[in-house]
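The values are calculated or read from the model by the stated rules, or taken from the named source; none is laboratory data. Just so we're clear, the structure is a prediction, and the values are computed from it rather than from any experiment. Positions of Cβ are backbone-derived with ideal geometry, glycine not excepted, and every protein chain shown enters the neighbour counts.
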């Protein structure tokens, strides 16, 4: 395909450090607001984990001029939608509304950034602490294979590393947290000079800039914004690390993890293409071999979780087909990973991978929400919002030699193998 037209980014920076990025997009009469804060679970200190995720909840519990639960109800009342996510490196809040209501979103985001602590009391904290505990029970503890990422991260990163503990945090740490602890976390990290605000849609960019200046400009920067923790990893896994978990799961399942290059590494796109060749759809190597030919797996997956420091992860999984042999499934899975490093991809596989990437790029450019999120990610984590306009060329520039090299280098013997097995019913 010919190179798509660049996404027209306009960036401004307020005196308090807030970065505003706007994109005019007339394809639909809507506007998306996406606010990234450069704080995630990696920024929590030992004994006080789970705070980053806790604020994903607390930010919807009211501020000086928005009452508890009113944030979402106001957005829904104008036909919009909103949500938030927390991860190791960041927290983000996003909403899409009919374009004429975009200033409502900006006003509410500014209000909770500037005045959330006015509404944060012990009752709010206790209530949301209980919500997080229920979320952990439903999404992790009582979900088949729900603890897989918790286990993989704990095994793939050394104890004490900022990526070692789960984003949802320790329930004991949350129980031990005082209101002052929680308020200090917000005051430290929720600052305009630690945020990127992206607005994409059917907007007047001048009016957006004026509104953001008016609504956010008076919020003070944190002049003592701390550095992020050291993410350096000095030792390898030292070979294969294995663990078996007996749990209430319907079938045995294997999970794998390999350390991978960080988000800014030129090796990462090649590794992502390698994962696509191995597990991207019905024509991929792992699906063809494990699911269709040998029929030892019900499903299979392999993908990259990119992080900004230390090491990213390649994670994979396959659920054992009833009656199949677990050792055979593991052997064949590892054999396919090793085979890509030994023999490289075929021309047909590279052509298919490039076609899928081009299709994904076109889909991205048709979705203002995805555009806003990608821009926020690149601005926050790489200080490079224009990276969104180079992505396709970067992936198209990956050749078969690079795919083979990264597969051989990263999908090697240093790995975590985690098996889930059904617990015996007493």
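Please find, within the stretch 239-276, the residue that is surrounded by the fewest Cβ atoms within 10 Å (Cβ to Cβ) out of those that are outside any strand (DSSP E or B), more than 25 Å from the chain's Cα centre (by Cα) and at pLDDT 95 or above. Filtering the stretch 239-276 for residues that are outside any strand (DSSP E or B), more than 25 Å from the chain's Cα centre (by Cα) and at pLDDT 95 or above, the one surrounded by the fewest Cβ atoms within 10 Å (Cβ to Cβ) comes out as 239. Out of 84, 69, 52, 64, report the one residue that is assigned by TED's automatic domain parsing to the domain that holds residue 169, surrounded by fewer than 18 Cβ atoms within 10 Å (Cβ to Cβ) and within 19 Å of the chain's Cα centre (by Cα). Going through 84, 69, 52, 64 in turn, just one is assigned by TED's automatic domain parsing to the domain that holds residue 169, surrounded by fewer than 18 Cβ atoms within 10 Å (Cβ to Cβ) and within 19 Å of the chain's Cα centre (by Cα): 84. Looking only at residues in the stretch 391-408 that are surrounded by fewer than 17 Cβ atoms within 10 Å (Cβ to Cβ) and under 24 Å from the mean Cα position of the chain (by Cα), the one that is nearest to residue 350 (Cα to Cα) is 396. Count of the stretch 133-149 residues, restricted to those that are surrounded by fewer than 20 Cβ atoms within 10 Å (Cβ to Cβ) and closer than 19 Å to residue 56 by Cα, is 7.
Test residue 16 against the stated conditions and say whether it is outside the structural domain of residue 391 (by TED's automatic domain parsing) and part of a strand (DSSP E or B).
Details: outside the structural domain of residue 391 (by TED's automatic domain parsing): yes; part of a strand (DSSP E or B): no.
No; evaluated as a whole, the condition is false for this residue.
Looking at this structure, is residue 63 part of a helix (DSSP H, G or I) and without any contact (Cβ under 8 Å) to a residue 60 or more places away in the chain?
Details: part of a helix (DSSP H, G or I): no; without any contact (Cβ under 8 Å) to a residue 60 or more places away in the chain: yes.
So residue 63 does not fit the description; no.
For the stretch 363-390, which positions are touching a residue at least 40 places away in the same chain (Cβ under 8 Å), crowded, with 20+ Cβ neighbours inside 10 Å, out of contact with any strand residue (DSSP E or B) (no Cβ under 6 Å at 6 or more places or on another chain) and under 19 Å from residue 5 (Cβ atoms)? Passing the criteria: only 388. Of the residues making up the stretch 296-312, none is surrounded by fewer than 16 Cβ atoms within 10 Å (Cβ to Cβ) and not in a strand (DSSP E or B). Residue 360 meets all of the listed conditions (1) crowded, with 18+ Cβ neighbours inside 10 Å; (2) at pLDDT below 95 but one, namely (1). Considering only residues that are part of a loop (DSSP other than H, G, I, E, B) and surrounded by fewer than 18 Cβ atoms within 10 Å (Cβ to Cβ), look in the stretch 150-166 and name the one that is nearest to the chain's Cα centre (by Cα). Among them, the one singled out is 164.
Inside the stretch 294-320, can you point out the residues that are farther than 30 Å from residue 382 by Cα and in contact with a helix residue (DSSP H, G or I) (Cβ under 8 Å, 6 or more places away or on another chain)? Let's see the steps before the verdict.
Taking the stretch 294-320 and keeping what is farther than 30 Å from residue 382 by Cα, we get 294-300, 318-320.
294, 296, 297, 298, 299, 300, 318, 320 - these are the residues of the stretch 294-320 that are farther than 30 Å from residue 382 by Cα and in contact with a helix residue (DSSP H, G or I) (Cβ under 8 Å, 6 or more places away or on another chain).
Give the residue, chosen from 187, 220, 210, that is in a loop (DSSP other than H, G, I, E, B) and either exposed (fewer than 15 other Cβ atoms within 10 Å of the Cβ) or on the phi > 0 side of the Ramachandran plot (or both).
Values: 187 fails: in a loop (DSSP other than H, G, I, E, B); 210 fails: in a loop (DSSP other than H, G, I, E, B).
So the residue among 187, 220, 210 that is in a loop (DSSP other than H, G, I, E, B) and either exposed (fewer than 15 other Cβ atoms within 10 Å of the Cβ) or on the phi > 0 side of the Ramachandran plot (or both) is 220.
Scanning the stretch 66-86 for residues that are in contact with a helix residue (DSSP H, G or I) (Cβ under 9 Å, 6 or more places away or on another chain), part of a helix (DSSP H, G or I) and touching a residue at least 12 places away in the same chain (Cβ under 8 Å) gives 71, 74, 75. The residues on offer are 95, 99, and the sole one that is farther than 23 Å from residue 136 by Cβ, in contact (Cβ under 8 Å) with a residue 40 or more places away in the chain and out of contact with any helix residue (DSSP H, G or I) (no Cβ under 8 Å at 6 or more places or on another chain) is 99.
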